[in-house]
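Step one of this worksheet: look at the structure below.
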């Protein structure tokens, strides 16, 4: 059985194709103004990679903030259910999943079969989302991909009290003016973000093991900071940004079987 | 079928102005549901609750702190923006700090003929509460008598009690219908009814309810009820949120907030006391309590528990007005106890405007959680 999961995220659209539970292909594209066109393009690219014709897809499930705009999907599911499903399939021992994307952070507690037990979402404050690191990286004149490695080099932790991404930027500018090293500033950003995210996760209740998914899961500096705040190692997939699409594709397969 | 109630809800100011020109009567704005409306009816005055508008506004900034709850700021904004110029009087029955300051600011900046701060006791669980409040009600009655220029008779007090009690009985009957497996009305429709009860003359409202109730007996909605939800919180007149949630495969079957059951639950029992004012005092002290007054016991819990059980609630939305500390402090216990009953909860923080898109995803995820047994088997999402 071949199914697809499409995650219409705030920053990127991710498509993942599964055959009998195994990944055949995946692709992503930046979310443009014309979402329908971007989604179609990303899907075509994944189909081509997989060597599968569109008609062979038995079920497409959409998730993500833009899921309503994916009109050709057969069904939809929320990010929370998709994340939970993907996480237990990747890490059967995981019971809590933390998803940090471009514009949202969420923590989900789940059952062994991937059903959601409880969740919390941060969508009011940019200091708990990927956009925060991106903005700070720009201020520091470094590439986003370099932020993680640079943060790991920091020798000390500088506290950052900013509650708001915009004022945090002023704080970063002050640190630059006072001659603080870049690696220490980016580490401070990661620590501040991990503070926000771990507080949200504690609200939901942390059950071991904990997985981190979403695009920010690529940032080694953030992983280290969050693991430190929670006092435990985190399970992070190789391609954390595809977790939502994977969960949607798995749910698509279950729905196709049931119908 | 719900058109009169919806019309009143959407055109509340037009109704009040029309009522004034029809009756030549005076209208009193009430800031809290602890207001003894019975006495106002007895004085031939029309008590109306002052509501917010869900429109962002900055006019309150010079007068109250930004960390006052959005509901109180929205209410004060209506006064400052001149939406309630038809009010002849205003009154508050001692409420939370935010509302008290909103009231005193209104007194200062939007003057009208009559204003009265009624010291309703916070110690509603104190054995001295009834005696205290009865005496305060006497003073309130005297102040009203001075304003309207005549005595309020015992007979009129009983009439005022009956108008209010009839409304409470009819609203309770309406809520009873929502216990059904397939309720004949949605939560949004119920909200139009209860909210408009505080925006109209109860005699008009009672008449409309008497016409509505028989029509509901055989009514079948053209939708499946879905998940049975309860709404718990301080104030709610957010019809947009109700509509959004109910289009996702759920129905609000009951509520515990001060537009709904906390407002109309429990009648004044005139048989219990010789003095009608004491009977009124007892009703307000014994009604399901607002958390601002509910200590040391959490006396509102048995009310919540009963509603959740009798209306067979599957999930509860905990609606928190941002910065409302009394409610937020109760939420932990309410959440824990509901979950011990097997009822899952969704906590949402509300501001003047509702972020419908963000809330939609959270409500959908909550409903997926509640339906998780079927989640992967059915395409109902």
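The values are calculated or read from the model by the stated rules, or taken from the named source; none is laboratory data. Just so you know, these numbers come straight off a predicted model, no measurement behind them. Heads up, the Cβs are rebuilt from the backbone with ideal geometry, glycines too, and the neighbour counts pull from every protein chain shown.
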### Task
Could you tell me which residue of region A:66-84 is nearest to residue A:213 (Cα to Cα), considering only residues that are surrounded by fewer than 22 Cβ atoms within 10 Å (Cβ to Cβ) and at pLDDT below 95?
A:66
## Note on the structure
Across (1) touching a helix residue (DSSP H, G or I) at 6+ places or on another chain (Cβ under 6 Å); (2) in a helix (DSSP H, G or I); (3) in the same structural domain as residue A:155 (by TED's automatic domain parsing); (4) buried (at least 19 other Cβ atoms within 10 Å of the Cβ), residue A:248 clears everything bar (3)
### Message
Scan region A:104-114 and tell me whether some residue there is under 19 Å from the mean Cα position of the chain (by Cα) and free of Cβ contacts under 8 Å to residues at least 24 places away in the same chain.
### Response
no
### Query
Taking the condition within 17 Å of the chain's Cα centre (by Cα), within 14 Å of chain A (Cβ to nearest Cβ) and on the phi < 0 side of the Ramachandran plot, does residue B:358 pass?
no
### Task
Go through (1) in contact (Cβ under 8 Å) with a residue 24 or more places away in the chain; (2) in contact with a strand residue (DSSP E or B) (Cβ under 6 Å, 6 or more places away or on another chain); (3) part of a strand (DSSP E or B) and name the single condition residue A:42 misses.
(3)
### Query
Can you name the residue in region B:324-343 that is in contact with a strand residue (DSSP E or B) (Cβ under 9 Å, 6 or more places away or on another chain) and under 19 Å from residue B:65 (Cα atoms) and is also surrounded by the fewest Cβ atoms within 10 Å (Cβ to Cβ) among such residues?
B:328
### Task
Take residue B:341 and decide whether it is in contact with a helix residue (DSSP H, G or I) (Cβ under 9 Å, 6 or more places away or on another chain) and without any contact (Cβ under 8 Å) to a residue 60 or more places away in the chain.
yes
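For residues that are more than 18 Å from residue A:258 (Cβ to Cβ) and in contact with a helix residue (DSSP H, G or I) (Cβ under 7 Å, 6 or more places away or on another chain), scanning just region A:72-83, find the one that is farthest from the other protein chains (Cβ to nearest Cβ).
A:83
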### Query
Within region A:239-259, is even one residue within 14 Å of another protein chain (Cβ to nearest Cβ) and at pLDDT below 90?
yes
## Note on the structure
Every listed condition ((1) more than 14 Å from every other protein chain (Cβ to nearest Cβ); (2) in contact with a strand residue (DSSP E or B) (Cβ under 6 Å, 6 or more places away or on another chain)) holds for residue A:102 save (2)
### Task
Being over 21 Å from residue A:159 (Cβ atoms) and assigned to a loop (DSSP other than H, G, I, E, B) narrows it down to one of A:233, A:241, so name that one.
A:233
### Message
Within region A:171-184, does at least one residue satisfy the condition of being away from every other protein chain (no Cβ under 14 Å), surrounded by fewer than 24 Cβ atoms within 10 Å (Cβ to Cβ) and closer than 24 Å to residue A:83 by Cα?
### Response
no
## Note on the structure
Of (1) under 25 Å from residue B:249 (Cα atoms); (2) over 18 Å from the mean Cα position of the chain (by Cα); (3) touching a residue at least 24 places away in the same chain (Cβ under 8 Å), residue B:297 fails just (1)
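In region B:313-354, which residue that is part of a loop (DSSP other than H, G, I, E, B) and within 16 Å of residue B:367 (Cα to Cα) is farthest from the other protein chains (Cβ to nearest Cβ)?
My answer is B:313.
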### Query
Looking at (1) within 10 Å of chain A (Cβ to nearest Cβ); (2) part of a loop (DSSP other than H, G, I, E, B); (3) modelled with pLDDT of 95 or more, which is the only condition residue B:378 fails?
(3)
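If I filter region A:53-67 down to residues being more than 14 Å from every other protein chain (Cβ to nearest Cβ) and touching a strand residue (DSSP E or B) at 6+ places or on another chain (Cβ under 6 Å), which single residue comes out as nearest to residue A:122 (Cα to Cα)?
A:57
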### Message
Residues that are closer than 21 Å to residue B:368 by Cα and outside any strand (DSSP E or B): does region B:166-182 have at least one?
### Response
yes
### Message
I'd like to check which strands (runs of 3 or more DSSP E) are fully inside region A:85-155 and have at least 3 residues that are at pLDDT 95 or above.
### Response
A:96-100, A:105-110
#### Entry: Among residues of region B:284-307, those that are assigned to a helix (DSSP H, G or I), buried (at least 22 other Cβ atoms within 10 Å of the Cβ) and either out of contact with any strand residue (DSSP E or B) (no Cβ under 6 Å at 6 or more places or on another chain) or modelled with pLDDT under 95 (or both), counted
1
